[in-house]
Amino acid sequence: AQPPIQELAQFDWSVVEPGHLTKGDVKTLRDLGSQPFAYVSIGEFAGSKADIEKAHLSDAISPVRNGAWDSQVMNLSAPAWREHLFGRAKTLQAEGYAGLFLDTLDSFQLQPEADREKQRLALASFLRELHQRQPTLKLFFNRGFEVLPELDGVAAAVAVESIHAGWDATAKRYRPVPEADRAWLETQLQPLRAKGIPLVAIDYLPPERRDEARKLAKRLREEGFIPYVGTPELDSM
């Protein structure tokens with residue numbers, strides 16, 4: 001909730017929850033040579049039914065809630081939701097953010113199967129239009145494998161969670177990643193590697209396992225990733 005600005009400034013890019021930084025903090029980060037990215041959830045809205053009504057998004061919800069994070073999965077083709085996100089992006093760029101970290105890009109898959117292809121196409125068209133509207137705003141994807149092949153030149157980087165050390169959000173525990181999961185991920189990453197898109201690996205370990213985290217970061221670097229090893233709340237460095 002109170003990001004350590006001086007420490008974050010040591011990194012080329014820093015991803016933050018925009019509500020945790022003042023406009024002055026954003027300027028300080030940039031003045032110190034770091035490019036701040038604002039976290040934005042694309043596929044879900046975090047909040048209650050009252051929050052959704054207050055944001056005038058009642059007509060933009062899907063029939064699904066994500067129980068693991070207690071958030072509402074949104075209808076990506078709804079004009080109100082798209083305009084809400086376009087407006088958010090414009091505001092954040094005006095506040096000095098260099099880019100957006102786009103999360104929940106695959107949440108449309110929680111929707112009924114009959115709706116998924118329409119939602120996937122809506123996601124791709126939204127991201128393409130966002131890039132066209134604000135071409136200088138860097139877009140840092142969290143996954144997004146379902147649409148990335150159609151979006152050449154749109155993603156400035158792609159993050160992938162849990163290459164070797166993962167977090168089970170439902171069981172609330174750290175877990176090693178099964179080899180089969182890693183093999184599937186690698187098939188998704190190969191085309192991105194071929195295009196030269198920077199890949200950021202986000203792995204999870206408890207803070208007391210620091211030696212293990214250092215070894216894991218080294219291993220991820222050797223595998224061609226930019227490593228970030230942290231806690232599930234993403235509130236540690």
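The values are calculated or read from the model by the stated rules, or taken from the named source; none is laboratory data. Since this is a predicted model, take the numbers as computed values, not measurements. Cβ coordinates were reconstructed from backbone atoms using ideal geometry, including for glycine residues, and neighbour counts include every protein chain displayed. Surface areas here come from the heavy atoms of the whole protein model, side chains and all, with no ligands, DNA or RNA. Shrake-Rupley method; radii C 1.70, N 1.55, O 1.52, S 1.80 Å.
Details
- Selected from Gln132, Gln93, Gln72 as most flexible by GNM, with the chain as the system and alpha-carbon contacts under 10 Å: Gln132
- In Hz, Karplus ³J(HN,Hα) per residue of region 181-193 (6.51, -1.76, 1.60; θ = phi - 60°; x = Gly, Pro): 5, 5, 5, 5, 4, 4, 5, 6, 7, 3, x, 6, 4
- Pairs of Cα atoms nearer than 8 Å and 6+ residues apart set the relative contact order; for region 113-237 it is 20 percent.
- Along its principal axes, region 148-237 has C-alpha extents of 40, 24, 23 angstrom, given from the largest down.
- Note that the chain presents 53 Å² accessible area per residue, ligands and nucleic acids not counted, probe 1.4 Å.
- Using the Cβ-Cβ distance between Ala68 and Glu129 with R0 set to 35 Å, the FRET efficiency from 1/(1 + (r/R0)^6) comes to roughly 0.75.
- DSSP bridge pairs, region 128-237: antiparallel proportion in percent, nearest 5: 25
- Here region 16-151 carries DSSP beta bridges of which approximately 35% are antiparallel, counting only pairs with both residues inside.
- Karplus-based coupling profile of region 44-55, in residue order and whole Hz: 9, 10, 8, x, 7, 4, 5, 4, 5, 5, 4, 7, with θ = phi - 60° in 6.51 cos²θ - 1.76 cosθ + 1.60 and x standing for Gly or Pro.
- Secondary structure note: in the chain, about 25% of the DSSP beta bridges are antiparallel.
- Region 60-70 - phi-based ³J(HN,Hα) in whole Hz, Karplus 6.51/-1.76/1.60, Gly and Pro as x: 10, 8, 8, x, 10, 10, 8, x, 4, 10, 6
- In a DSSP loop and with at most 15 other Cβ atoms within 10 Å, the GluC sites (Glu not before Pro) in region 147-235 are Glu208, Glu223, Glu233.
- Think of the chain as a dipole: +1 on every Lys or Arg Cβ, -1 on every Asp or Glu Cβ, centred on the Cα centre; then among Ala183, Val200, Phe145, Val200 lies furthest on the positive end.
- Over the chain, relative contact order from alpha-carbon pairs under 8 Å, at least 6 apart, %: 13
- Taking the Cα centre of the chain as reference, the dipole from Cβ charges on Lys and Arg (+1) and Asp and Glu (-1) amounts to some 360 debye.
- Fluctuation leader among Gly99, Gly166, Gly87 - the chain, Gaussian network, Cα springs under 10 angstrom: Gly87
- Residues whose amide H falls under 5 Å from that of Asn66, counting only those 5 or more places apart or on a different chain, are Ser71, Gln72, Val73, with hydrogens built in the peptide plane.
- Region 1-92: C-alpha gyration tensor shape, a/c 1.5 cut-off, then a/b vs b/c: prolate
- Note on region 10-163: semi-axes of the ellipsoid equivalent to its C-alpha gyration tensor, largest first and rounded to whole Å, are 26, 18, 14.
- Efficiency of FRET from Cβ geometry, Val177 and Lys218, R₀ 22 Å, rounded to 0.05: 0.80
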